[in-house]
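Let me begin by presenting the structure, written as C-alpha cells, before commenting on it.
The values are calculated or read from the model by the stated rules, or taken from the named source; none is laboratory data. These figures come from a predicted structure and were not determined experimentally. FYI the Cβ positions are ideal-geometry reconstructions off the backbone, even for glycines, and counts take in every protein chain you see.
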Amino acid sequence: MAFLDWFSSTALPEFWSTLETEADVRNALEKSHHQPIAFFKHSTRCGTSHHVMSELTDQSQKIPHNIPIYYLDLIAHRDLSRMIAEELDLAHQSPQLIIVHKGQVITHASHHAIDWARMATEVSTISPS
C-alpha cells in the first residue's frame, strides 16, 4: 500500500451508512427524532482522523448496534459538513463524533477524545421517545 493510499483507504463497518447528499443528512436528522444517531466526520487526508477511525473500527464491539452511524468523508463532501454544523449549531472539527437525539446534540467529541465506550454510556441515559 502506498503512503497516500493509507490516508484515503476507508473500510467502513457494515452497519455504518455513508452520507453523500443533503437528503441523506436530512433523513439522518429526521431519524434522530425517533432514536439516537451518530455522525462521524472524517478527513481522508488527516493522519489523526485516520488513526481515530482505526480505533473506532477496533472498538466496534462497544458501539450500541441500535444506533445508526453516519459516516461523512469531509474531503468529498465539505458542503454536508457545513450543513451538519449549521443544523446542529456546532463548530466543525475533524475527526468528530456527534450523537444526536430529537434533532439536538447530546454529546460530541473530536480528535483523540472520541471514545465509543464513554459515548455509549451517555446514550444509555437517554429515555425512550
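Scanning region 26-66 for residues that are at pLDDT below 85 and over 19 Å from Pro95 (Cα atoms) yields Gln61, Pro64, His65, Asn66.
At least 3 residues being over 15 Å from Asp24 (Cα atoms) and hydroxyl-bearing (Ser, Thr, Tyr) is the threshold, and among the helices (runs of 4 or more DSSP H) wholly inside region 36-129 those reaching it are 47-58. Considering only residues in region 89-103 that are over 16 Å from Pro68 (Cβ atoms) and in contact (Cβ under 8 Å) with a residue 24 or more places away in the chain, the one that is surrounded by the most Cβ atoms within 10 Å (Cβ to Cβ) turns out to be Gln96.
Scanning region 64-96 for residues that are of a type in the set (A, V, I, L, M) and over 12 Å from Ala120 (Cα atoms) turns up Ile69, Leu72, Leu74, Ile75, Ala76, Leu80, Met83, Ile84, Ala85, Leu88, Leu90, Ala91.
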